[in-house]
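Down below is the structure, laid out as structure tokens.
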Amino acid sequence: MKLTCLSMGHGLYCPPCHMLELCGFRVLLECPLDLSALTVFSPVIPNSAPDLIGAVPWYKTVKSLHLWDPSLIDLVIISTPYAMLGLPFLTCLHDFSGKIYATEAVVRIGCLMMEDLVSMHAEYNQFYGPDERSGCPGWMEWEELEKLPLELRDIVMGKDGEELGSWMPLYSATDVKECMLKIHSLRYGEEACYNSTLILKSFSSGLEIGSSNWMINGPRRNFTYLSSSIFKSAHAMGFDYYSLRGNDLILFSDLSVEMTHDGPNDAYGCKIYNETVVEDPLPYHISAVGANCASEQDLVKCLLENDEILEESDKIAFICSCVLDSLNEGGSVLIPIGRIGIVHFLLEKIWQYLELSNMMVPIFMISTISEEILAFMNAMPEWLCEERQLKLFSGEPLFGHIELIKEKKLYLFPVLNSSNLSMIWQEPCLVFCPHWNLRLGPAVHLLSRWHKDHKSLLILEEGVDAEMALLPFKTLSMKVLQCSFFAGIKLKKIQPLLELLQPKLVLFPDRLKSQLNFSKNYTHLYYSENSTLRVPCLKEDFEVRLMRYLDFKLQPRILPHENLAIARLEGQFLVSNGNHLLVPVKNPTHISSKQQLNWGSVDPDLLLQALKDKGIDGLISYDETAPCHGVHSIHISAPDEAVIEIDSKQTVIFAANENLTAVICETFSSVCSGI
Amino acid sequence: MTIECLILGAGQEVGKSCVVVKVGGKSIMFDCGMHMGYLDHRRYPDFSLISQSGDFSSVISCIVITHFHLDHVGALPYFTEVCGYNGPIFMTYPTKALAPLMLEDYRKVMVERRGEDEQFSYEHIIKCMKKVTALDLKQTVNVDKDLQIRAYYAGHVLGAAMIYAKVGDSTMVYTGDYNMTPDRHLGAAQIERLQLDLLITESTYATTIRDSKYARETEFLKVVHNCIARGGKVLIPTFALGRAQELCLLLDEYWERMNLKVPIYFSAGLTIQANMYYKMLISWTSQKIKDTYATHNAFDFKHVRPFERSFINASGPCVLFATPGMISGGFSLEVFKQWAPAEINLVTLPGYCVAGTIGHKLMSGKPTRIDLDKDTHIDVRCQIHQLSFSPHTDAKGIMDLVGLLSPQHVILVHGEKPKMALLRGRIQTELGIQCYDPANNETVSIPTNRTVKIDATKAFIKSYSVTNFDVLSTRLVGFTDSNHADVEILPTLGEKKAAEGILLMDKTKRAKIVCENELLLNLGVEEHSLRLAYCCPVHMDCLEQTSYQSTSGSSIGFEKGNSSPAAATSPECQPERSTCILGKCSLLTTLLRRLESQIWCKNIEENPNYLKLKSIKIHSCSKNTCPYRTKDESGGRFTLYFCCSWSPVDQDLAWKLITIMKGTNTSLVQDTCTMEEEMPKN
């Protein structure tokens, strides 16, 4: 097995991407887009920053993926909706013929996100007119690139200009449709079988509705692909680590770890941009739990410690109070958060706060897909957390937004210039809308409207380069709150998790090298970007099922010295559902017509004695001069002439008589060990 | 190993479905239903047959419920809360959501309206449902190390599932109730081609081939339309779930199409709650409804509005859905009392009504007067229409499913005895599958295949796992006479060659299959090969008769079009060549010509010093005193000798070649022995 890490990714929206060579198949893990790179383009608003590129944006794909021949990719596995945004680039290549697997929920959400991306992008096309140039756009020309400020050039070109080739013009809605047709969607916990050899199964990872970790079982490999996972979530079904137990090999691809520790985070993991709020940062308990003393219950307890969900709700509470403050002051609040689960959780919480403080502020959700997403979220109970599933069983709506819409407290609009929107619109208000990179969607226009209003509030996610994203919106008087939401396994939980999963081998990103010290129960290897890691085989033999055992009619031969019984076996070899099967053949070849395998040495005296018992007579002579410890010859005189030459490795029978030869052969088998 | 299948219910009858399958130390209970037709002990399966001691939790590994109908789930709270079963229970999400409503409704009817002792309480239902693990379709659940279950879509009602279970290597499917044709709100049953030891299938319509549901739907709509056109009121007493939504979809669509304005009412309690479930569980409905829900949820009915008590005596036509379904009391009875005496009104009845309810009385005959109690009676003058939308598969569907799955054995349940016997006969004769139709409390034992897990070395797997593309280019060796028609026996592509290996059986380790050469390594021994040899005399005068072409090498072998070997014998003889002393090489070539003229084969390898066919090697032997020549067979003619050696496996072929070389080849004319031949290396 070989693993090549194509990209370590950039946070949640651009997860790591790997190429795996497994059991002779080439498996691509994730196919993301780096939408944060879009910040180099200037949004379509008046007075935008002059440094930014004023052109129809292109989109940055995974650079190293272009180095692989698409026709040789057999399988693509997608674990979150964000990780599939780059898929249409792959599927529209005519020589790509691989199979794509993702869970049904991921496919639905991912599809909507791609459609949303296409429709938001259309605004640029309308502004700049259709692109008539073929080949590279103007901004990609060398002279233009040289003019760019250093930061921008870094984003566009990477080191040494190697990332310049990863920019692509956006796919069309038709490309998206075609892409969707090529994806095989799986229900919760459904097993899929690829080419009778690989069994794929997804288990919830807790990150988002439908997002999953994958188990890939081949004939000699039990492989777990562990993407960013959250143990307990307020909306999606939690991280199902229990089902991943017992696999030999884990690819640890949760790279959120470092992210949450980067930078000076303030209270509740939020920081207020441009202002400094001095509060004690939460103490992180990085000290790993002692691995040797932990029993299984302890491990589970440690994993399910509620601190994440508590921290998260503290954080949400903090955000809500900030929102409330702004609204109280008469400012509007803009929330361009991309994570669907977080958006809905926030919506419910903020509504509770508004109710409590008796405020009547309209909430808008403006996106081409908001209606569909909301409808979808209320019809996918299989992927929700326990608390929400209980709502299903008691017949209540799964999410609070149904009520809000009915009571006309939440309004859904596809675009800002929807005809009814202006009739209802009032400020201050609360708006949820895309896009988090502040270059696409209604967020751009609302921000350009409110950015000078010091009473208004913008809520950004951690991981977005706020400096860069806000560049076109100078001078900024608006308050900006940047929050980090959980996007993966906490560092301190990695160790107990692995103790529980009991793998034999774990593949870690090299960046975690310094942060982890490991127990000896399993070996671990480190992978790094753009290098291929050869993973040693853990199992020497294949497992085969001998079907209808008795029908094989084995004729075992016992070898007393070796304490073994051996038997020739003939069967039809089948591969089905990842299992190798041997079934009895209908018309087995007759054993005697097969080549016999003999070994060891033959005692000439014994052979002659046996021949004599069958009425064949002869004399033994010995020729010492021959190579290989000399040759014994038995000259048969009756019933016909024949010569048998025996040395340590070979016996040769010379005879003109067919029947005699047959008898001698038979006798030979009785004195020489063989099968 | 055997699968033991105990039929606790629905054996040669419909009602109280319950089958316990015991295999490999595990027991799985499929469904735990009650019989609606009995009120005594016969209403529940006889659980004492599972365990005399009453300790069910240790005997049963898990319970799987297929759908929320009472004859499949009715006895569950009784079994868990009263009998004390405490193990895992599985059902699909919709079943888990809807079964408690069903159970509570039944309990209320039984206890509150008929004054019976309750078998289980409301708390029992709630407690019981808490123990249930919900399943998604196709989700593969490992109940424990050796037991795996999976649900497939069955179509019958919302959330109905067929259950696949695997214990060790024994596999089975229990269908529950299913429908092989999609209907207005549900899709058709879907299952993969699984390799099964046992299929337990329902057989409600064991012999009927059903007409389309469309006709019955049209009839229903016609009756309803006629009634409202005359200004009548339509009462549809129905249970809140399933049928109500299906009929509502039907009417809503019809109203839309016909542009009708007559109101459709839902009685209180039935409306929002029940539809809410359907809206949330939309992914379990038919494809058409699923495709459109984002823009319009089909269960947001356009023409349906809530009913108010004051509307009962309001004038004008209307359609009303009211609970409970069998007019056993409650609101539907209240409305029935008011509407039944008017001739223009219509009451539709569900397909099945419990004995003792008004629904049951209406169905059995056409009574004109129904006595509620001593003092009150209802004059029934309205029309009665009986619905017959049965979401069960018909005989064709059952045969299709059995044919698709092709299990080793079939057990029929949930049907009527005489019809089941007929279906059993069809399955056995038409599909050749062993089939049983046991009665209640009978046990069927089914043998399963013995499977052993062994190891196989990489080399063994490698040699057989790759599809053998060589098959295409494989040629045949056939002995032919000069004017024979070619017999081409090419193995059909896709028919893989059998894998051969040697099984090592050690007492302490798992058995292991290896290749021949690996065996020797394993045993730490060296091969001792056995060869046979003969120094064969070839008469030169025979050689003279055999022509050869010395001019070009290209004429060696026969083209496919020129496959008649007779062509090789026609070129002119060159007598002056044959008299000269031939070199070793040309001697071999001459011999090759001769062999090729006798056998249809171009696989003989020609090397400078020898000829090779399979394991047979032929050298020319120049030693005059070769010890392996038996006696002088020259007979005075000019004789050359060729030393032949071969391994025992090619004995027959070798002796045939020798016969040809000796020149006594006439015996070969009739020989059409053919055999597979490997590609020559060059």
What are the residues in region A:471-500 that are assigned to a loop (DSSP other than H, G, I, E, B) and farther than 19 Å from A:G331 by Cα, if any?
A:S484, A:F485, A:F486, A:A487, A:G488, A:I489, A:K490
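Let's see how each residue does on (1) exposed (fewer than 15 other Cβ atoms within 10 Å of the Cβ); (2) of a type outside the set (D, E, K, R); (3) more than 30 Å from A:L346 (Cα to Cα):
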site: A:G463; (1), (2), (3): no, yes, no
site: A:S484; (1), (2), (3): no, yes, no
site: A:E529; (1), (2), (3): no, no, yes
site: A:E540; (1), (2), (3): yes, no, yes
site: A:R568; (1), (2), (3): no, no, yes
Identity of the residue in region A:375-387, more than 9 Å from chain B (Cβ to nearest Cβ) and surrounded by fewer than 21 Cβ atoms within 10 Å (Cβ to Cβ), that ends up nearest to the chain's Cα centre (by Cα):
A:C385
Checking the condition farther than 28 Å from B:M110 by Cα, in contact with a strand residue (DSSP E or B) (Cβ under 9 Å, 6 or more places away or on another chain) and of a type outside the set (D, E, K, R), which residue from B:A322, B:A342 passes?
B:A342
Only one of A:L186, A:L150, A:L170, A:L164 that is among the aliphatic types (A, V, I, L, M) and closer than 26 Å to A:M380 by Cβ:
A:L186
Which members of region B:125-139 meet the condition of being facing another protein chain (nearest Cβ under 10 Å) and in a loop (DSSP other than H, G, I, E, B)?
B:D136, B:L137, B:K138
Being surrounded by 19 or more Cβ atoms within 10 Å (Cβ to Cβ) and within 14 Å of chain A (Cβ to nearest Cβ) narrows B:V157, B:V167, B:V143 down to just B:V143
Return yes when B:Y214 is surrounded by 17 or more Cβ atoms within 10 Å (Cβ to Cβ), over 30 Å from A:S370 (Cα atoms) and of a type in the set (F, W, Y) and no when it is not.
no
For region A:618-637, indicate whether the set of residues that are at pLDDT below 85, under 60 Å from the mean Cα position of the chain (by Cα) and more than 7 Å from chain B (Cβ to nearest Cβ) is non-empty.
no
Filtered residue count, region A:485-524, keeping only those that are free of Cβ contacts under 8 Å to residues at least 12 places away in the same chain and under 25 Å from A:I342 (Cα atoms)
0
So which of A:R557, A:R511 is basic (K, R) and away from every other protein chain (no Cβ under 14 Å)?
A:R511
Single condition A:S370 does not satisfy, out of (1) within 12 Å of chain B (Cβ to nearest Cβ); (2) closer than 30 Å to B:K130 by Cβ; (3) among the polar types (S, T, N, Q):
(2)
Is it the case, given these coordinates, that A:F518 is out of contact with any strand residue (DSSP E or B) (no Cβ under 7 Å at 6 or more places or on another chain), among the aromatic types (F, W, Y) and modelled with pLDDT under 85?
no
Against the condition in contact with a helix residue (DSSP H, G or I) (Cβ under 6 Å, 6 or more places away or on another chain) and either outside any loop (DSSP other than H, G, I, E, B) or touching a residue at least 60 places away in the same chain (Cβ under 8 Å) (or both), how does A:L200 come out, does it pass?
no
Could you say whether any residue in region B:334-352 is more than 24 Å from B:L260 (Cβ to Cβ), of a type in the set (K, R) and in contact with a Pro (Cβ under 8 Å, 6 or more places away or on another chain)?
no
Can you give me the number of residues within region A:97-116 that are within 19 Å of A:A173 (Cα to Cα), more than 13 Å from every other protein chain (Cβ to nearest Cβ) and not β-branched (V, I, T)?
4
Find all pairs meeting these conditions: Cβ atoms under 7 angstrom apart; at least six residues apart or on different chains; first residue within region B:499-527 and under 18 Å from A:F552 (Cβ atoms); second residue among the aromatic types (F, W, Y).
B:A499/A:F573; B:A499/B:Y464; B:G501/B:F460; B:I513/B:F460; B:V514/B:F460; B:C515/B:F460
How do the pairs read when you match residues in region A:563-586 that are at the interface with chain B (Cβ under 9 Å from one of its Cβ atoms) with residues anywhere that are among the basic types (K, R) and surrounded by fewer than 17 Cβ atoms within 10 Å (Cβ to Cβ), using Cβ under 8 Å and keeping only pairs 6 or more apart or on different chains?
A:N563/B:K507; A:A565/A:R557; A:I566/A:R557; A:A567/A:R557; A:R568/A:K594; A:Q572/B:K496; A:F573/B:K496
Which condition from (1) in contact (Cβ under 8 Å) with a residue 40 or more places away in the chain; (2) over 23 Å from A:H121 (Cα atoms) is the one that A:V415 breaks?
(2)
Evaluate region A:461-480: report whether one residue or more is out of contact with any Gly (no Cβ under 9 Å at 6 or more places or on another chain), closer than 30 Å to A:Y242 by Cα and not basic (K, R).
no
Members of region B:54-79 that are among the β-branched types (V, I, T), crowded, with 23+ Cβ neighbours inside 10 Å and over 17 Å from B:G15 (Cβ atoms):
B:I60, B:I63, B:V64
Within region B:289-315, residues being of a type in the set (A, V, I, L, M, F, W, C) and more than 30 Å from B:A342 (Cα to Cα) number 4
Looking only at region A:106-147, count how many residues are within 29 Å of A:G206 (Cβ to Cβ) and small (G, A, S).
1
Segments classed as helices (runs of 4 or more DSSP H), wholly inside region A:55-174, with at least 2 members that are within 26 Å of the chain's Cα centre (by Cα):
A:87-91, A:104-128
Of those in region B:1-15 that are in a loop (DSSP other than H, G, I, E, B) and not small (G, A, S), the residue farthest from B:H360 (Cα to Cα) is B:M1
Which helices (runs of 4 or more DSSP H) does region B:233-308 wholly contain that include 1 or more residues that are within 35 Å of the chain's Cα centre (by Cα), assigned by TED's automatic domain parsing to the domain that holds B:C382 and closer than 22 Å to B:T323 by Cα?
B:243-258, B:271-280
Within region A:132-154, identify whether any single residue is modelled with pLDDT under 85 and on the phi > 0 side of the Ramachandran plot, and answer yes or no.
yes
Within region A:27-37, is even one residue part of a loop (DSSP other than H, G, I, E, B), acidic (D, E) and crowded, with 24+ Cβ neighbours inside 10 Å?
yes
Does region A:522-534 contain any residue that is under 21 Å from the mean Cα position of the chain (by Cα), modelled with pLDDT of 85 or more and closer than 30 Å to B:I513 by Cα?
yes
Among the residues that make up region B:15-36, is at least one of them under 20 Å from B:A154 (Cβ atoms), surrounded by 22 or more Cβ atoms within 10 Å (Cβ to Cβ) and among the hydroxyl-bearing types (S, T, Y)?
yes
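The values are calculated or read from the model by the stated rules, or taken from the named source; none is laboratory data. Worth saying up front: this structure is predicted, and the values here are computed from it rather than measured. With ideal geometry, Cβ positions are generated from the backbone for all residues, glycine too; neighbour counts draw on all protein chains shown.
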